[in-house]
Amino acid sequence: MHDPIAITRVNRKTLEKMLDHYSLEELNKVPEGFTNNLIWNIAHVVVTQQLLVYKLSGLPMMIDDEMVDTFKKGTKTEGVVTQSEVDKVKSLLFSTLDQTEKDLKAGIFKGFKEYPTSTGFVLKSTEDAINFNNYHEGLHLGYIMALRKSL
């Protein structure tokens, strides 16, 4: 069986290709019938991984509160993201995973605040959070694939 972070990494490589392939204008475009754009979805998965794995474990996240407030669950595209913000999201796709791998090996995840997800699955451990995160990222990758056909 694959390491769950390896699965996340494969998904993130696909997301990185989206960032490389689409223009800033396309990344920011909210097509008719959608509430969010490509860059919101990509930034959202970075934010969600940090919230699920670190915040629920009572550990500091690698992202700032402003990013959380802009891209967390329940938010939608509110404005235009700049190229420097896109570049930041792109670097966070992998720096956050690299750090998560190091932190897992170092055994820093001790506590976890149980969390019932909106899908009805209850996360009870960091391992649950990492596994659920892969499911969540897969959902958003599907959403991104549909959205890009509308650009």
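Considering Ile42, Ile5, Ile63, the condition of being open to solvent by less than 60 Å² (accessible area, probe 1.4 Å), under 19 Å from Leu147 (Cα atoms) and touching a residue at least 12 places away in the same chain (Cβ under 8 Å) is satisfied by Ile42 alone. Within region 99-116, residues that are under 16 Å from Leu52 (Cβ atoms) and part of a loop (DSSP other than H, G, I, E, B) have Cβ atoms under 6 Å from residues that are at pLDDT 95 or above and not polar (S, T, N, Q) in these pairs: Gly111/Gly58; Phe112/Leu56; Lys113/Leu56; Glu114/Lys124, counting only partners at least 6 apart in sequence or on another chain.
Scanning region 139-151 for residues that are surrounded by 13 or more Cβ atoms within 10 Å (Cβ to Cβ), among the hydrophobic types (A, V, I, L, M, F, W, C), part of a helix (DSSP H, G or I) and over 12 Å from the mean Cα position of the chain (by Cα) yields Ile144, Leu147. (1) touching a residue at least 12 places away in the same chain (Cβ under 8 Å); (2) open to solvent by 80 Å² or more (accessible area, probe 1.4 Å); (3) β-branched (Val, Ile, Thr): which one isn't true of Val10, the others all being true? Only one criterion in (1) touching a residue at least 12 places away in the same chain (Cβ under 8 Å); (2) open to solvent by 80 Å² or more (accessible area, probe 1.4 Å); (3) β-branched (Val, Ile, Thr) is unmet by Val10, namely (1).
Tell me, yes or no, whether region 86-95 has at least one residue that is in contact with a helix residue (DSSP H, G or I) (Cβ under 7 Å, 6 or more places away or on another chain), open to solvent by less than 60 Å² (accessible area, probe 1.4 Å) and not in a helix (DSSP H, G or I). No, region 86-95 contains no residue that is in contact with a helix residue (DSSP H, G or I) (Cβ under 7 Å, 6 or more places away or on another chain), open to solvent by less than 60 Å² (accessible area, probe 1.4 Å) and not in a helix (DSSP H, G or I). Every condition in (1) farther than 29 Å from Val30 by Cα; (2) surrounded by 10 or more Cβ atoms within 10 Å (Cβ to Cβ) holds for His136 except the one numbered (1).
The values are calculated or read from the model by the stated rules, or taken from the named source; none is laboratory data. What you are looking at is a predicted structure, and each value in this text was computed from that prediction instead of being measured. Counting neighbours? That spans all protein chains shown, and the Cβs are built from the backbone with ideal geometry, glycine included. To get the accessible areas, we keep the full protein, side chains included, count just its heavy atoms, and leave off ligands, DNA and RNA. Shrake-Rupley method; radii C 1.70, N 1.55, O 1.52, S 1.80 Å.
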